[in-house]
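Right, one structure below, let's go through it.
The values are calculated or read from the model by the stated rules, or taken from the named source; none is laboratory data. The shown structure was predicted, so the numbers you read here are calculated from the model rather than taken from an experiment. Note: ideal-geometry Cβ built from the backbone for every residue, glycine included; neighbour counts use all protein chains shown.
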Amino acid sequence: MSAFIVSLPPAPFLVLGTAAGYALATIGMKFASQGQSLPGIVLTALGFLIAFLSEIWLMRQAELPVIYIAIIAVETLMVLLYAAWIGEGPSLKQALGAGIVLAGLVVAG
């Protein structure tokens, strides 16, 4: 009996997949908060499923503190870009604060 071995995608791809999944779930929640319940629920569920699967695969390759910091940084950038795209971009003060947080994540990582 031979084992079927699946090659996992590279860690940077999985970080992007996990962050994109969480960002998609956030977008779905934004839709639901604006009264678009069905698309919101679908996007949120799909986003969490993508994040769940990607993060599990990622945890097989790297330690949790390292991947958690990377996921948060990438997800933050994705959500901020989406917010700017829909006209809810951060103020200068909020953008500077986000930059400080992201810089802290880089230092901690």
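Residues being among the charged types (D, E, K, R), assigned to a helix (DSSP H, G or I) and surrounded by 13 or more Cβ atoms within 10 Å (Cβ to Cβ) are represented in region 41-57 by at least one member. Does T26 satisfy the condition of being assigned to a helix (DSSP H, G or I) and out of contact with any Asp or Glu (no Cβ under 7 Å at 6 or more places or on another chain)? It is true that T26 is assigned to a helix (DSSP H, G or I) and out of contact with any Asp or Glu (no Cβ under 7 Å at 6 or more places or on another chain). Whether a residue is over 14 Å from the mean Cα position of the chain (by Cα), at pLDDT 90 or above and of a type outside the set (V, I, T) was assessed, and G87 passes this test. Among the residues of region 61-92, the ones that are among the charged types (D, E, K, R) and not in a helix (DSSP H, G or I) come to 2 in all.
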